[in-house]
Structures are given as C-alpha cells and as structure tokens.
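To start, the structure itself, in structure tokens.
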Amino acid sequence: MAKSKKLDYVGKMILAPMVKIGTLPTRLLALDYGADLVYTEEIIDYRLLRSKRVVNAKLETIDYIDKTDDTLVLRICPKREKGHLVLQIGTSDPSRAVKVAKMVQEDVDAIDVNMGCPKGFSLKGGMGAALLNHPDKIKAILTALVSSVDISVTCKIRILPKIEDTLALIDVIQATGVCAVGVHGRTKDERPNHSNNVEAIKAVVQHCKIPVIANGGSANTRDSPINTYEGIKGFWNDTGAASVMIARAAEWNASVFSPDGKQDIFKIIDQYMDYAIQFDQPFVLSKYNVQQHLGGLQDSELGRKFLAAGTMKDLSTIFGKEKQFAKRQVGPK
Ligand code: FNR
C-alpha cells in the first residue's frame with residue numbers, strides 16, 4: 001500500500017505561523033527544542049505564484065524567489081524539515097490556492113489556510129478572518145485543496161462571537177475533508193490583551209470529529225510561568241485538544257518546546273545567529289527576530305549597539321560571530 005502523505009495531528013506541539021518570525025532559523029530552532037511541526041509565516045498566494053523554485057546547492061535548501069524583485073519568499077531545508085513543515089497561505093480564491101498547493105507539494109508536508117488574520121490588508125483582500133463570514137468560500141477553497149493534492153490540508157480559524165456559530169463553522173470545515181483545524185480562542189475583533197477563550201476551544205474539541213489544534217495560550221508578559229513548557233502543557237490539557245500551537249512564547253524563546261526548561265535568551269540568540277548566518281537569512285529579518293528575543297534587554301550597552309546595527313556583518317560582530325560570518329561569505333561550510 002502506498003505510504004500516506006498525511007501528517008499526524010495528534011499529540012503534537014506546533015510552532016504557530018508568525019509573519020517575519022516563522023522563517024527558516026526560527027523553524028529549525030523550534031525543531032531543535034522539540035517542536036513536532038513547524039508552520040511557515042503566512043505567505044500570500046499571489047506572492048508564491050509569482051515566485052520561481054530554485055534548488056540552492058550551496059545552502060542545501062529549496063528557495064522560492066520572487067521573480068519580480070529577486071527577494072526571498074520561502075527557504076526550506078528539506079534535510080531538517082521533511083515530515084514537519086506546514087506552509088501557511090493567505091488566499092481568498094480556490095484556484096489560486098490550488099495552483100500554490102500543486103507548486104509546493106513536493107517541498108512541504110501540509111498546506112494551511114489562514115482564516116484568522118484580522119489585519120486590514122487581509123480583510124480587504126477577502127483573506128484571513130474575512131473568510132470566517134463566508135462559509136461558502138471556506139468550503140470552496142478547502143474542498144478544492146483537499147481534492148487536488150495528496151499532502152495534508154488544514155485551516156486556522158479564530159472563534160466567532162457566538163459558540164453555536166463557531167460550531168456551525170466547524171461543521172463546514174470538517175465536511176471538506178481537511179486533516180485538522182487550528183483554533184485561536186479569540187474573535188476577529190479581540191486583541192492579545194483579551195483573554196483567550198479556553199471554554200470555546202473546549203466546546204469545539206468536544207464537537208469536532210477531526211483533530212483540533214488549540215492556540216492562543218501564550219501570556220502577554222514574556223516571563224510569565226504560562227510561557228513555559230509546563231504552562232503550554234497546562235493550556236493544552238485544559239482544552240482537551242489533540243495538539244497545541246504556540247506563537248508568542250516561542251517567538252520570545254524557542255526553547256519553550258523543551259521539557260528541559262527554558263534556555264537563557266543569549267543562548268537562543270547565539271543559536272539563532274548561527275542559523276541566520278548559515279542560511280543567509282536577510283539582515284532585516286534577522287535583526288527583527290533578535291529584537292523580539294532581546295525585548296527589554298535592548299535598554300543596555302549591548303542593546304544600543306544592537307539597535308545601531310545596519311548590516312548582517314554588524315549584527316554578527318555584536319554577537320561575536322564576525323569570523324563565522326566572513327567565512328560563510330566565501331564558502332559553503
Ligand atoms: C501572528 N499570528 C499569525 N497567525 C497566522 O495565522 N498567520 C500568521 O502569519 C501570523 N503572524 C503572526 C505574527 C506574530 C509576530 C504574532 C505574535 C502572531 C497569530 C499567531 O499564530 C497566534 O494565533 C496568536 O499569536 C495566538 O497564539 P499565542 O501567541 O497566544 O501562542
């Protein structure tokens with residue numbers, strides 16, 4: 001019998017999709033620390049469709065490069081990510097979604113459709129949380145995806161203001177044949193400072209026949225005991241969900257996936273920079289990620305140097321990696 005190309009969504013700790021954060025170095029760090037599955041940042045279907053696939057022999061990666069401006073859209077490390085990688089797309093159209101899925105299906109293990117983004121650009125484009133009010137469109141996109149590719153198809157939603165409407169939406173979603181559904185326990189209009197509705201996620205779990213991935217459990221304060229392995233397990237248990245997905249706690253410190261306890265943030269930065277240098281991560285993204293790691297520590301001598309960094313070389317030097325950076329510019333390893 002042919003081996004199933006579907007991922008198993010039960011008992012998994014998952015790195016949530018995060019724009020600018022869920023690029024290759026963060027995904028590899030999360031895997032190092034025990035994440036079972038890792039999501040890319042959301043990438044809009046149009047951007048993927050105007051990109052070309054390039055086998056990058058030097059980095060041993062698969063790159064998707066925007067043909068219009070040569071920018072990096074997606075970098076994948078098959079050696080490390082095979083069997084673990086979910087591409088999240090932003091879409092409002094079944095045919096574009098299918099074109100993307102067919103284009104990437106050899107390189108990723110699943111396609112997730114973002115149905116939770118509350119930002120203006122998503123809503124205006126009929127994507128993200130705009131889809132929540134259009135079950136027919138959800139049905140069309142997911143059904144088209146499920147019937148077009150062999151890899152797993154999932155979606156990630158926010159809850160609706162009324163629980164009965166959320167459950168009705170779940171019925172639409174599970175009838176499409178998707179493998180799992182991610183549920184963030186906040187509505188489209190709620191922000192991170194609103195409490196995450198664990199009861200609503202629990203109700204979805206009890207109602208839903210496919211695995212539910214619970215989300216929204218990170219605390220707003222980075223050093224909260226909730227943003228630890230035990231804290232995440234606690235949230236996961238409270239929801240009764242099949243799997244759990246973590247965003248902010250992992251953005252601040254990817255070692256939250258490890259039962260061995262959270263690592264010192266300078267160790268995380270060191271490891272992040274190693275990957276950023278190894279995989280030619282663009283400077284702006286690298287600086288942004290390290291900035292999230294540093295948080296309040298930017299208000300220090302090192303923090304001031306960090307803020308003044310204007311190139312990848314500057315950034316590498318600040319963290320004692322100038323030789324490593326210089327070597328990387330010459331040859332592969
Ligand atoms: C996000 N979130 C998000 N969600 C999504 O579906 N696609 C995305 O690309 C992003 N991007 C993103 C970037 C950043 C910096 C943050 C903090 C969040 C939302 C995220 O996946 C998650 O649903 C929420 O953050 C709630 O989970 P936590 O943070 O409580 O674990």
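The values are calculated or read from the model by the stated rules, or taken from the named source; none is laboratory data. Since the model is a prediction, treat every value here as computed from it, not as a measurement. Here the Cβ positions follow ideal geometry from the backbone for every residue, glycine too, while neighbour counts run over all protein chains shown.
Anything in the range 296-333 that is more than 13 Å from Ile269 (Cβ to Cβ), touching a residue at least 40 places away in the same chain (Cβ under 8 Å) and surrounded by 14 or more Cβ atoms within 10 Å (Cβ to Cβ)? List them, or say none.
If the condition is that a residue be more than 13 Å from Ile269 (Cβ to Cβ), touching a residue at least 40 places away in the same chain (Cβ under 8 Å) and surrounded by 14 or more Cβ atoms within 10 Å (Cβ to Cβ), then Gln324, Phe325, Arg328 are the ones that fit.
With the structure loaded, tell me whether Asp238 is closer than 25 Å to Arg191 by Cβ and not aliphatic (A, V, I, L, M) or whether it fails that test.
yes
Only one residue in Lys119, Lys139, Lys99, Lys79 is of a type in the set (Lys, Arg), surrounded by fewer than 17 Cβ atoms within 10 Å (Cβ to Cβ) and within 16 Å of the ligand (Cβ to nearest atom). Which one?
Working: Lys139 fails: within 16 Å of the ligand (Cβ to nearest atom); Lys99 fails: within 16 Å of the ligand (Cβ to nearest atom); Lys79 fails: within 16 Å of the ligand (Cβ to nearest atom).
Answer to the check: Lys119.
Residue pairs, Cβ under 9 Å, 6 or more apart or interchain, first in the range 10-35 and closer than 16 Å to Trp236 by Cβ and away from the ligand (no atom under 15 Å from the Cβ), second among the hydroxyl-bearing types (Ser, Thr, Tyr) and modelled with pLDDT of 95 or more. List them.
Val10/Ser243; Gly11/Ser243; Gly34/Tyr229; Gly34/Ser255; Gly34/Ser258
What is the one condition in (1) surrounded by 23 or more Cβ atoms within 10 Å (Cβ to Cβ); (2) more than 10 Å from the ligand (Cβ to nearest atom); (3) assigned to a helix (DSSP H, G or I) that Val256 does not satisfy?
(2)
For the range 259-295, give me each residue that is surrounded by 14 or more Cβ atoms within 10 Å (Cβ to Cβ) and outside any helix (DSSP H, G or I).
Listed by number, the residues that qualify are Lys262, Gln263, Phe279, Asp280, Gln281, Pro282.
Out of the residues in the range 84-96 that are more than 14 Å from the ligand (Cβ to nearest atom) and not in a helix (DSSP H, G or I), state the one that is surrounded by the most Cβ atoms within 10 Å (Cβ to Cβ). Spell out the reasoning first.
Of the range 84-96, the ones more than 14 Å from the ligand (Cβ to nearest atom) are 84-85, 92-96.
Checking which are not in a helix (DSSP H, G or I) leaves us with 84-85, 92-93.
On the way: His84: 21, Leu85: 23, Ser92: 19, Asp93: 17.
Once the filter is applied, the top-ranked residue is Leu85.
Given the residues Asp112, Asp107, which is the only one that is surrounded by 20 or more Cβ atoms within 10 Å (Cβ to Cβ) and either in contact (Cβ under 8 Å) with a residue 24 or more places away in the chain or not aliphatic (A, V, I, L, M) (or both)?
The unique qualifying residue is Asp112.
In the range 116-145, how many are under 20 Å from Arg186 (Cβ atoms) and free of Cβ contacts under 8 Å to residues at least 24 places away in the same chain?
Total meeting the criteria: 6.
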